[in-house]
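Quick note: the coordinates plus some simple rules give every number you see, no bench work behind them. Predicted model, so just to flag it, every value in this text is computed and none were measured. Because the Cβ atoms are built from the backbone with ideal geometry, glycine has one as well, and the counts that use them run over all protein chains shown.
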Amino acid sequence: MEGDDGVTVTAVNTLDDAGPGELTFLTNPKYRELASHTRASALIVGPKLPVSTPATRLLCTDPYAAFSLAIVKIHGYRVHPRWGINPHATISATAVVGANANIGPGATIGEHAVVGNNATIYPGCYLADHTVLGDDVVLFPNVVVYDRCRIGSRVTIHAGTVVGEDGLGYAPLGEKWAKIPQIGSVEIGDDVEIGALCAIDRATVGVTRIGAGTKFSNLIAIGHGSKIGQDCMFVAQVGLAGSVTVGRHATIAGQAGVVGHITIGDNALVGAKAGVTESVEPGQAVLGAPAQPINDARRQMMALKRLPEMRQRLKELEVEVRRLRELVEKDGRPCDDGLG
Amino acid sequence: MEGDDGVTVTAVNTLDDAGPGELTFLTNPKYRELASHTRASALIVGPKLPVSTPATRLLCTDPYAAFSLAIVKIHGYRVHPRWGINPHATISATAVVGANANIGPGATIGEHAVVGNNATIYPGCYLADHTVLGDDVVLFPNVVVYDRCRIGSRVTIHAGTVVGEDGLGYAPLGEKWAKIPQIGSVEIGDDVEIGALCAIDRATVGVTRIGAGTKFSNLIAIGHGSKIGQDCMFVAQVGLAGSVTVGRHATIAGQAGVVGHITIGDNALVGAKAGVTESVEPGQAVLGAPAQPINDARRQMMALKRLPEMRQRLKELEVEVRRLRELVEKDGRPCDDGLG
Amino acid sequence: MEGDDGVTVTAVNTLDDAGPGELTFLTNPKYRELASHTRASALIVGPKLPVSTPATRLLCTDPYAAFSLAIVKIHGYRVHPRWGINPHATISATAVVGANANIGPGATIGEHAVVGNNATIYPGCYLADHTVLGDDVVLFPNVVVYDRCRIGSRVTIHAGTVVGEDGLGYAPLGEKWAKIPQIGSVEIGDDVEIGALCAIDRATVGVTRIGAGTKFSNLIAIGHGSKIGQDCMFVAQVGLAGSVTVGRHATIAGQAGVVGHITIGDNALVGAKAGVTESVEPGQAVLGAPAQPINDARRQMMALKRLPEMRQRLKELEVEVRRLRELVEKDGRPCDDGLG
């Protein structure tokens, strides 16, 4: 700690918006300038980022973790409304709901569904027949879980997400499409968090799986039968086709897409907007469409920028070579002639 | 059939998960290895895919169709919950609902709406005033149909999809945007299936149309006034701008986008992530952004991989040509001089 | 006006579909042919677009604005159903709802929420605790607004959109992810219209802001802490990562993506499918992934089409230069030898 160590803070806020009595943070060097005239009382900053600031500095080896802990300590996590089991929820007689349930108006829980302890199910959610939820699950409004899907404990799913809809499974019948019943399901592991408005297809047969600890942003599409490992991070608008396998702790950045029946290895990184058409090795980073090892992709993107100039140079070179050839042929002849 | 022909199966399952008494299938050569140690009792396989397996082999000329039929035969299609007309549904007095309706709690049906026979409308769906649905329609939870849109018979729409919202129609008024009332509607043909969380704009005037038999995956955006033919297949996260025309039996792969006011011909194929900026001929396959005939696109992608190497070669060639020129000019002179 | 000036029209329709007594319009030269055999009674057209048509021509300097005004005049804007405050809506005792409220069945309004005058809240919407809505707001079915988010006056949000869900905020803890409470919120300015199924993250701390007058299409993802200026236009399936700043009156076309912590200037134009990785200057147009000034991007795309041919030319040039070098070295020697 550097500066006034008697400072007290009651809230965390941004460099821009923080005022007296508030704690702020600087993790991105881009915003260093803002730190010099922040009105915050204290600033969390890393040891490698020298900064001049009127605020008391809290030097932390991992400022992002410190900032995160400070928010937890000062603000805590969201407290959900308390509905108990709201009389306007529809819970079938054969459903089993655990202790301390918190189920909002307009939620519907189907036959033989099992909901663990401490569930918070916001208004408008639909749990179909034979769905199973672990303990401490939070479903924000209008989440839909299709029949027979299973969700682990401490899972949070944000508003509007759909789990277990049928995938695009049809057999061609001339030009028509004959629907293949999608008899599989979805299994979501413990400690998963899924953003808003994601669509996770059930498997045709077997399961679509999302491994424990994995985190999804919004508007993500997961095709039928894909299997995603533990502790992965999927950014918004990612799309996986069917039967994709993703290892542990892989990151798939925004708007990337992955074709069916391939494997993304453990700790792999798929860059934003990448179009992955071949399996990715563990630990490998890929970029581009079609995706390639990131250094290759960057070298190509760099070269592409020079392409119009290259084309010009190629054209000039052709002219030059033509001129040279004429020169050589002309020069050559007289020379030979001279000797002939 | 090859192997024990007295075998009985009661379920279809994947190569990995199938056990005794279960039927599995092999259509993708990639998974051949799995077939050799499957525990399934029987395996559907094509005649062109030699495979060693302990299971009884069912050789089928079209194994995918056979697999599909086996699922239908053994498992059948999803059986929906039975709500009758749930007392917690809100159905306006002027709506007309056909025989054998199955309408869940929290569904709302507006004034003058018409719902055909055997409708299954899951909880949380909203049918606005003057909407029309044919017979045997299934709307999964939280589907929203805006006013005056029309949906054919045997249509299935998955959870959260929105049909008939206003498109992005504004007239510029200096820097402001003046909203143009979107007075058109949407018409969805018979036997269409639409995935979860799709958004299908109503037309500004006239209709946005989705042809009979067409199938959509999830998170697809269709712009106002687009007209899609029969029996098309749209993969997840496809986006069509406004006033696009798509012919019969076209396939648009995942995350592809199509600009406004162009035509995609019958049986055309738009590759994954393609950005289509010009009309596509019937039967043509395109890829890339901007999209081009697939062979051209592939050749360019291949060439792009070699681009950094080409740049190096171009540089070396320039050096070589400079050296040659100097040589020719130097060689030439002495030669000429010698003769002069 | 050219033609029969006694004509009366009662509806606006497309060139294709308009019949007698209807008004149509021609703004895109592509459709000129259709105008020559339209059955419409009158046609709005610009002075620069000569057209032969049986309809009475209304020559307008800004035909798009005229068409827009004609729709407003003849058809007007959508009239919403009237629910008053429906008894099947759940409104908490501490919520404050303004005059003339129109709240559908199955809508839920949380504790201490404030809803301005003339609100239309369709069925299935959820306003969390401490949300604030201005006057004349329309929320179509199943819109979800998370706790403490604020929405201005005359805002329209289409079905299924989610405002204020948690962003992808986690601190790494080995391979695990520790959730950072997302204590910020979302502020949406006056006169904003948002399409269906958009997901707008709340800020981690501070606010995610959408400026007054901005218009969004469908399936758009906005990352936590992004700040969008006034009167922008975002086309379908756009994605912004976190902490992006967008100026006034910028246009972001379909399926474009923007990485975090950069700035898109006033009046900038981001082309369809662009992947923006660096800040964009005011007024600048960019295209491609990674995005570049539009003319550079187009030149590169053009050059890319020629790349396979360039590769061929480069190869031929190498052969030619090799031949020349041999010639020069061979020619040179005899020549020198001859003189030696």
Positive end of the dipole of the protein assembly as shown, charges at C-beta (+1 Lys, Arg; -1 Asp, Glu), about the Cα centre: which of A:Ser52, B:Leu59, A:Ala178 has its Cα farthest in that direction?
A:Ser52
In debye, nearest 20: dipole of the stretch C:1-126 around its Cα centre with unit charges on the Cβ of K, R (+) and D, E (-)?
140 debye
Cross-link partners among aspartates and glutamates for A:Lys48, C-alpha distance below 18 Å, same-chain residues fewer than 8 apart left out?
A:Glu2, A:Glu33, A:Asp62
Diagonalise the Cα gyration tensor of the stretch B:235-314 and give the resulting equivalent ellipsoid semi-axes, square root of 5 times each eigenvalue, largest first, whole Å.
27, 12, 10
How many angstrom separate the Cα center of the stretch C:95-158 from the Cα center of the stretch B:110-164?
24 Å
What percent antiparallel are the DSSP beta bridges of the stretch B:204-332, to the nearest 5?
10 percent
Could you pull out which residues in the stretch C:69-92 have an amide N less than 17 Å from a spot 7 Å beyond the Cα of C:Leu34, following the Cα-Cβ vector?
C:71
Convex hull per residue volume in Å³, alpha carbons only, for the stretch C:1-51
71 Å³
Shape box of the stretch B:181-340 [Cα atoms, principal axes, largest first, Å]:
90, 27, 25
What's the longest piece of chain A with no exposed trypsin sites (Lys or Arg not before Pro), counting a site as exposed if DSSP puts it in a loop and it has at most 11 other beta carbons within 10 Å?
A:83-340
Compute the distance in nm between two label points, each set 7 Å from the Cα along the Cα-to-Cβ direction, one at B:Glu326 and one at A:Val96.
8.7 nm
If I take R0 = 56 Å and measure r between the Cβ atoms of A:Leu59 and A:Ser279 in this structure, what FRET efficiency does the formula 1/(1 + (r/R0)^6) give, to the nearest 0.05?
0.80
Starting from the exponent 0.38 and prefactor 2.2 Å, build the expected Rg for the stretch A:153-253 from its residue count and divide its actual Cα Rg by it.
1.07
Run the reach check for B:Lys330 against lysines, Cα to Cα strictly under 28 Å, same-chain hits fewer than 8 apart removed. What comes back?
A:Lys315, A:Lys330, B:Lys315, C:Lys315, C:Lys330
Mind checking which of A:Gln255, A:Val9, A:Cys125 is farthest towards the positive end of chain A's charge dipole, using Cβ charges of +1 (Lys, Arg) and -1 (Asp, Glu) about the Cα centre?
A:Gln255
Evaluated at 25 °C with a viscosity of 0.890 mPa s, what Stokes-Einstein diffusion coefficient in µm²/s does the protein assembly as shown have when Rh comes from the Kirkwood expression over alpha-carbon pairs?
79 µm²/s
Gap separating the Cα centres of the stretch B:207-223 and the stretch B:76-91, nearest whole Å:
25 Å
In nanometres, what is the gap between the two model label sites at A:Arg313 and A:His75, each 7 Å from Cα along Cα-to-Cβ?
5.1 nm
Take B:Leu168, C:Leu327 and order them by how many other Cβ atoms sit within 10 Å, fewest up front.
C:Leu327, B:Leu168
Report, as a whole number in µm² per second, the diffusion coefficient that Stokes-Einstein gives for chain C at 25 °C and 0.890 mPa s using the Kirkwood radius over alpha carbon pairs.
101 µm²/s
Any chance you could run the full-extension gain for C:His261 through C:Val114? It's 0.36 nm times the residue separation minus the Cα-Cα distance, nm to one decimal.
49.7 nm
Hey, what's the Kirkwood Rh for the stretch B:149-203 if you take every pair of different alpha carbons, in angstrom?
12.6 Å
Per q in 0.12, 0.13, 0.14 1/Å, what log10 I(q)/I(0) does a Debye calculation on the alpha-carbon atoms of the stretch A:19-160 return?
-0.62, -0.65, -0.68
Each residue of the stretch C:196-204 in order: what ³J(HN,Hα) in whole Hz does its phi give by Karplus 6.51 cos²θ - 1.76 cosθ + 1.60, θ = phi - 60°, with x for Gly and Pro?
7, 6, 8, 10, 10, 4, 6, 6, 4
For chain A, give me the percentage of DSSP beta bridges that are antiparallel, rounded to the nearest 5 percent.
10 percent
Taking every Cα atom in the stretch A:130-180, find the radius of gyration and the maximum pairwise distance Dmax, and write them in Å.
15.3, 49
Counting only DSSP beta bridges fully inside the protein assembly as shown, the antiparallel percentage to nearest 5 is 10 percent
Expected sort for C:Leu287, A:Leu269 with the fewest Cβ neighbours (10 Å cutoff) up front is A:Leu269, C:Leu287
Over the stretch C:14-89, consider all pairs of different Cα atoms and compute the Kirkwood hydrodynamic radius from their mean reciprocal separation; express it in Å, one decimal.
13.8 Å
Cα-Cα longer than 24 Å, checked against A:Lys227/C:Lys273; A:Lys227/A:Lys273; B:Lys30/B:Lys215; B:Lys227/C:Lys73; A:Lys215/B:Lys30; A:Lys30/B:Lys305, kept in input order, equals A:Lys227/C:Lys273; B:Lys30/B:Lys215; B:Lys227/C:Lys73; A:Lys215/B:Lys30; A:Lys30/B:Lys305
Calculate the translational D of the stretch C:88-224 in whole µm² s⁻¹ from Stokes-Einstein, where the hydrodynamic radius comes from the Kirkwood formula applied to all Cα pairs, the temperature is 37 °C and the viscosity 0.692 mPa s.
221 µm²/s
Over the Cα atoms, compute the radius of gyration (one decimal) and Dmax (the largest Cα-Cα distance, rounded to a whole number) for the stretch B:59-113, in Å.
18.7, 57
